[in-house]
Every structure is written in C-alpha cells, then in structure tokens.
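Here the structure is laid out as structure tokens; the discussion comes afterwards.
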Amino acid sequence: MAQFDLIIKDGTVVDGTRVPRYRADIGIKNGKIAKIGRLHSSDAVRVLDAHGLIVAPGFIDLHTHFDAQIHWDPYCSIAGWHGITSVTIGNCGFGFAPVYPKDFDRALLSLSRNEAIPLEPMKVSMAPEWETFPQWMDHLDRIPLGINLSQLVPVTPLVAYAMGGFTEAKMRLPNEREVQTAVRLFHEAMQAGAVGWGAQRLFPESTASVQRDYDGTPMISDVLPDAFYLALAQALRDYEVGFIQITQSSATPNDTGVGMVRDVNFSAQLAEVSDHPVVYNALVVNDQAPEALRLQLQLLAEASAKGIPVYAQAATVRAPFVINFQDWNLFDDSPVWREATLGTLEEKRAKLSNPELRKAMRAEYDAGTPTRDFIFGELRRYVAHKIVRADLRDKYLGLSLEEIAKREHKHVIDAMLDITVADDLQTEWLGPITNSNARYHGEMLSFPGAIPGVSDGGAHVKFVTLGTYPTDLLSWLVRDTGTITLEEAHFRLSCLPARAAQFRDRGILREGLAADIVVYDLEKLKVLPQEIAYDLPAGEWRRVQKAEGYRWILVNGQVTFEDGRCTGATPGKLLRHGRAQ
C-alpha cells in the first residue's frame, strides 16, 4: 500500500509563516500533510510535478456572502477559481438562521437588496428545511462542498428571531428580555459550531450607510445600541475559539475623523470585552485622499500596541464598479438616490426621469455631498460600457460622461440618466479604478493585522469582481511592483486570517495540518478579463473573472481545479468551531 495518497514533487514551498522559501516535496495522506521533505515518487498513488512552481497554503477569505450561493455552487466561485480554499459566511450580520418560516421570504428580500444577490436564484435553490441555527449548521453539513466553510452568527436574523420576527424587530429596539434571548440563542449557535458573530453597523446618518434593507430602511443591526453588542462580546468570552467581524461607520459629513476614531475604539472595546479577535471592516485607500487610510492605520496601531487583538480586512484588489441602474443599490446613503433606485423597473425608470428628483441629484452632486465622495467624485471619468439600443450605442458607447455632457450641453447627472432611461436602464457605466497606487497599498499592508480580502464573495455579483484579490495581489504587489515579498503575501493571505479567525487546522503548510494547497506559476499568474456568465439558477447572470497560472488547487488533499478546470471533487468541510470534524 502506498505511503501517501499524493505527493507534490519538487516545488518551491512558501509555507505561510514568513520563513524563506525552500525546495521540498509534500506528501499527503487522508486529507492532511503527512510529510514535508525529500520523498520518493513511488511512495504515492499520484504525483504532481511542481518543479519551477510555487507551493503555498490555500487562501482564506473571512469576508464573503456565499450564504445563498453555496446552495448552487459548491466551489463558491469566484473564490474557488482564485485559490481560496476556506471562506467565512454570516458577515455583516446577514444570513438565514435562525429564521421563522414566516420570515424566510423576508430574509431573501433583505439579501437581494442589501447585498445585491439576485432574488430568483435564491428562491428556486433554497428550501427552508431549518429554523434554528443548529438546524442550519446541520443543513450546511449535508451540502456537497468544494471549499471549506465556516459560519459566523449573523446579528440581524438573530435579533429578529429573539423579538418574534422581522416585523417587530424593524419597529423598535430589543428590550432586556429579548437581549437575553438573543444571547441565549448565540450560545446555542456557538455550541453548534459557529465561529463567532458578525454585524454591520452603518449608522443611518453615516456617510457610508450605503447598504439598506429592501425597503430602504436601515438593517436591524445598524441601529442596535452599544450595550447589545457588548453583551454579545461578553457571551463570546465563554468560548475557547471565536472572533467578531464588524463592518462599521459612524462618520458623518465634515466630522474630521471623529466617526473613524469612535469606530476603531469600539472595535477595540469589543476585543477587550470578548477576549477574542475583532476583524474590523475595512481598510480602503483612495489614491486622491490617502489621509483617511493613514488615520485608520494610526488608530489600529495604537490599539495593537496595547495588546488588543484587532485585525482589519484590507481592500487590496483593483476592481472598478459597473453601474447598471436596473440593479444598482450602493447609493443608499443619499435619500434622493435611495428613493430613485427602490422599486420595480418601471418605478425606477419613472423616478430617474422625475424632474424634482433630478434637481435634487444635481444639487447634491454640485455640493460635493457624501454620495459624490463615494462614487461621483470620479463621475466625469465614467464611461458608457454597454448600451442595448442600437441608436444609443452608435452615438455614445465608449464616451466618458464628461464628453457626453459637453456634446449634449447637459449636466453630467442628466447626461447619464437620459441615456439610462432611454435604454430601459440597461446601460452600464464603467467606473474608474481609484486604488491603483502600489505605494499606498504597501502602507495599508504595513499594519501587522491587515488581512487582504473584503471579497464580498457571492454579493454585488452584477457590479464588481472583488474575489480576484489573491491573484491580483500576487501578480501586482509581489511580482510586478515588489511592494511586498512573496513570503509576506502568503502570510497575509493564509496564516493571518487563520490566526484572526482562530482556525486551528489550516492556514500554513505543516505536517499534521489540512492539505489546503495552491500550486502556481508566478510568472504566468494573472486575472483574466471580465465576462458575463449566465450560470446562476433561474437563468440569471453575474459578472465573473477567472484566473490563469494556477496549476492545481487542493482542498483537504484533493484536487478541485487543474489548470483552471474543475475536477468535480467536493472535499470541502464545514469548519465547526473553525476546525474540520
């Protein structure tokens, strides 16, 4: 009988711990790394020749929204295509458990708007065979997985369930009895294998309150008081493993960093009360205004210097938004834009034509208010990417909004919306890349707790392809610009997120740990162009970007992708308490 199921032969090992790369073979048995050293090919059932290739731990993505997509896509693509072998769901406090049967459709509606996950694929793919969180975990355990999956307790459905349903939870804050019920339900979830809890706290008055419920109101988690979150943090203290993920913004216009100070300090307070890591979301750099990033880094460094375990997800990928007003949902911080982008296609078309709303949009743009800072600060560089009507396509395709507005003698808002409405909201506006300065990314990754990611995998699938981040980081920041070393990159892509999430059995290449491994050619590694794929249930489409240069991707010792082709293997595990059972 062969000693190993598989040997990865003669590769350059970058093991994720920051030690210098070295040549070695890796022997795999029963899904684990059995031996690292010089091995005989004859001792394995299968040998992968990795000569001239990098062998590294599979990437870990702690911020995804694959809660729905896992029901029809075992590999959580885009993630699986780009070397990600473990993902965490339940982020931002959104998810599907616990949930009363009467609230299931309501939960789908929230995710369809808040995270822009198409509704029909969820409806036809998810039958609510669960109600409680333990039942949901057992449900996940029965799904074939091509990737490892860990689950945070999402705060929004947790509170809705504790209060008797979404309707009641949208009307008022929980009382003390309901807070204690939520804490009890959290304990129940942790005992079932959850890895902590996740929340979005974008205060309604915040300049970043861009992710609203399907009706335009704040999400349940957005308005909960400090005391509630501190009670949940205290509950987490009872467990050996676990972490907190929180997406925060209390920044208001012209607050000169006061909101950011409050947000980071509250993350640090949660870490101290829970005695567990907090993953703060998110570090983002705008090339035109890096000062905000530098303030974040300063505040996080101050907390870290005190020994407080605060980590931060860092948005390192260069990926522009593509706006299509049939589906767009990320202007919700602006009351006028929120109103205009809610409703059916017909209602949106009418509102985007409304003279009074247009007047308010122009005034907001001209005043440089928060929505302009978020997207419209670069509006003049937006380009018409796709237009359906032939007459409009011939006239405008490829022109920037500034060029169109000048030709038509119109305000840029009217130029954009006139074309959009005439094209039945099908026109796509391709935005600029605002974070292409490698030096700023180097600053962002100088914080010891900065974890590349924020892929939002499974969400915003018609707007952006953030799941390409591992490939973009390795090809751009390592190979092309030398901003960080290869060893540093793999530490941050695998070891650091495993440490933050307190995963105990993966994240580095060590004997006895899970054989989640990527084997790739660094010189050939690249992100392929965007495509439209009609590969969602119910005939829906999404925007995708595949990768080139990955020779093999292994999950728990089995090859899931070979030269970009899926093998059909589903060796992924549900990581209860951050560990495969």
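Where in the range 148-256 are there helices (runs of 4 or more DSSP H), lying fully within it, with 1 or more residues that are within 20 Å of the chain's Cα centre (by Cα)? Spell out the reasoning first.
Working: elements: 155-162, 166-169, 176-191, 226-236.
So the answer is 155-162.
Residue 139: under 26 Å from residue 515 (Cα atoms), in a helix (DSSP H, G or I), out of contact with any strand residue (DSSP E or B) (no Cβ under 9 Å at 6 or more places or on another chain) and not aliphatic (A, V, I, L, M), yes or no? Steps first, answer last, please.
Values: under 26 Å from residue 515 (Cα atoms): yes; in a helix (DSSP H, G or I): yes; out of contact with any strand residue (DSSP E or B) (no Cβ under 9 Å at 6 or more places or on another chain): yes; not aliphatic (A, V, I, L, M): yes.
So residue 139 fits the description; yes.
So how many residues does the range 78-109 have that are assigned to a loop (DSSP other than H, G, I, E, B), within 30 Å of residue 33 (Cβ to Cβ) and not hydrophobic (A, V, I, L, M, F, W, C)?
Taking the range 78-109 as the starting set, the residues that turn out to be assigned to a loop (DSSP other than H, G, I, E, B) are 78, 83, 90, 94-100.
Right, trim to within 30 Å of residue 33 (Cβ to Cβ) and you get 78, 83, 90.
Right, trim to not hydrophobic (A, V, I, L, M, F, W, C) and you get 83, 90.
Selection size over the range 78-109: 2.
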note = Those residues of the range 294-338 which are touching a residue at least 12 places away in the same chain (Cβ under 8 Å), assigned to a helix (DSSP H, G or I) and over 27 Å from residue 450 (Cα atoms) amount to 336, 337, 338
Odd one out for residue 367, checked against (1) small (Gly, Ala, Ser); (2) under 23 Å from residue 255 (Cβ atoms); (3) assigned by TED's automatic domain parsing to the domain that holds residue 251 = (3)
task = Check the range 114-123 and report whether any residue there is polar (S, T, N, Q), farther than 24 Å from residue 233 by Cα and not in a loop (DSSP other than H, G, I, E, B).
result = yes
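For the range 267-282, check the following and say yes or no: at least one residue is in a helix (DSSP H, G or I) and either touching a Cys at 6+ places or on another chain (Cβ under 8 Å) or farther than 25 Å from residue 503 by Cβ (or both).
Pass one, the range 267-282, residues in a helix (DSSP H, G or I): 267-274.
Remaining after also requiring either touching a Cys at 6+ places or on another chain (Cβ under 8 Å) or farther than 25 Å from residue 503 by Cβ (or both): none.
No: zero hits.
Quick one: which of 38, 18, 23 is of a type in the set (D, E, K, R) and more than 29 Å from residue 453 (Cα to Cα)? Let's see the steps before the verdict.
Working: 18 fails: more than 29 Å from residue 453 (Cα to Cα); 23 fails: more than 29 Å from residue 453 (Cα to Cα).
38 is the lone residue from the list that is of a type in the set (D, E, K, R) and more than 29 Å from residue 453 (Cα to Cα).
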query = If you check 336, 273, 285, which single one turns out to be touching a helix residue (DSSP H, G or I) at 6+ places or on another chain (Cβ under 9 Å), closer than 24 Å to residue 204 by Cα, crowded, with 19+ Cβ neighbours inside 10 Å and not assigned by TED's automatic domain parsing to the domain that holds residue 363?
reply = 285
inquiry  = Can you list residue pairs whose Cβ atoms sit under 8 Å apart, with the first residue in the range 445-471 being closer than 13 Å to residue 61 by Cβ and the second being of a type in the set (Lys, Arg)? Count only pairs 6 or more apart in sequence or on different chains.
reply    = 451/492; 452/492; 471/526
task = Of the conditions (1) out of contact with any Asp or Glu (no Cβ under 7 Å at 6 or more places or on another chain); (2) surrounded by fewer than 16 Cβ atoms within 10 Å (Cβ to Cβ); (3) part of a loop (DSSP other than H, G, I, E, B), residue 522 clears all except one; give me its number.
result = (2)
note = Scanning the range 192-202 for residues that are under 18 Å from residue 312 (Cα atoms) and at pLDDT 95 or above gives 195, 196, 197, 198, 199, 200, 201
key: Restricting the range 554-568 to residues that are within 24 Å of the chain's Cα centre (by Cα) and part of a loop (DSSP other than H, G, I, E, B), the residue that is nearest to residue 34 (Cα to Cα)   = 556
query = Has the range 92-99 got any residue that is within 30 Å of residue 312 (Cβ to Cβ) and either without any contact (Cβ under 8 Å) to a residue 60 or more places away in the chain or surrounded by fewer than 17 Cβ atoms within 10 Å (Cβ to Cβ) (or both)?
reply = no
Residues being of a type in the set (S, T, N, Q) and touching a strand residue (DSSP E or B) at 6+ places or on another chain (Cβ under 9 Å) - total across the range 217-268 = 7
key: Check on residue 409, modelled with pLDDT of 95 or more and either basic (Lys, Arg) or buried (at least 17 other Cβ atoms within 10 Å of the Cβ) (or both)   = no
key: Output for the range 537-581, where each listed residue is in contact with a Lys or Arg (Cβ under 8 Å, 6 or more places away or on another chain) and more than 22 Å from residue 141 (Cα to Cα)   = 538, 541, 542, 543, 547, 548, 549, 562, 563, 564
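Return yes when residue 576 is at pLDDT below 95 and over 29 Å from residue 321 (Cβ atoms) and no when it is not.
On the way: at pLDDT below 95: no; over 29 Å from residue 321 (Cβ atoms): yes.
No, not satisfied.
Please state which one of 258, 279 is out of contact with any Asp or Glu (no Cβ under 7 Å at 6 or more places or on another chain) and surrounded by fewer than 21 Cβ atoms within 10 Å (Cβ to Cβ). Give the derivation first.
Values: 279 fails: surrounded by fewer than 21 Cβ atoms within 10 Å (Cβ to Cβ).
Answer to the selection: 258.
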inquiry  = So for the range 119-134 (the condition being crowded, with 24+ Cβ neighbours inside 10 Å, assigned by TED's automatic domain parsing to the domain that holds residue 278 and among the β-branched types (Val, Ile, Thr)), does at least one residue qualify?
reply    = no
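With the structure loaded, tell me whether residue 151 is crowded, with 23+ Cβ neighbours inside 10 Å and either of a type outside the set (Val, Ile, Thr) or without any contact (Cβ under 8 Å) to a residue 40 or more places away in the chain (or both) or whether it fails that test.
Details: crowded, with 23+ Cβ neighbours inside 10 Å: yes; either of a type outside the set (Val, Ile, Thr) or without any contact (Cβ under 8 Å) to a residue 40 or more places away in the chain (or both): yes.
Considered against the rule, which asks whether it is crowded, with 23+ Cβ neighbours inside 10 Å and either of a type outside the set (Val, Ile, Thr) or without any contact (Cβ under 8 Å) to a residue 40 or more places away in the chain (or both), residue 151 comes out as yes.
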request  = Would you mind finding the one in 551, 506 that is outside any strand (DSSP E or B), touching a residue at least 60 places away in the same chain (Cβ under 8 Å), outside the structural domain of residue 458 (by TED's automatic domain parsing) and of a type outside the set (A, V, I, L, M)?
outcome  = 506
inquiry  = Taking the condition of being modelled with pLDDT of 95 or more, aliphatic (A, V, I, L, M) and either closer than 23 Å to residue 299 by Cβ or in contact with a helix residue (DSSP H, G or I) (Cβ under 9 Å, 6 or more places away or on another chain) (or both), how many residues in the range 203-260 meet it?
reply    = 13
ask   = Which numbered condition trips up residue 8, out of (1) in a helix (DSSP H, G or I); (2) touching a strand residue (DSSP E or B) at 6+ places or on another chain (Cβ under 8 Å); (3) more than 30 Å from residue 341 (Cβ to Cβ)?
value = (1)
request  = Inspect all residues belonging to the range 458-479 and state whether any of them is closer than 16 Å to residue 147 by Cα, outside the structural domain of residue 53 (by TED's automatic domain parsing), in contact with a strand residue (DSSP E or B) (Cβ under 9 Å, 6 or more places away or on another chain) and in a loop (DSSP other than H, G, I, E, B).
outcome  = yes
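The values are calculated or read from the model by the stated rules, or taken from the named source; none is laboratory data. Keep in mind it's a predicted model, so treat the numbers as computed, not measured. Cβ: placed from backbone, ideal geometry, glycine included. Neighbour counts: every protein chain shown.
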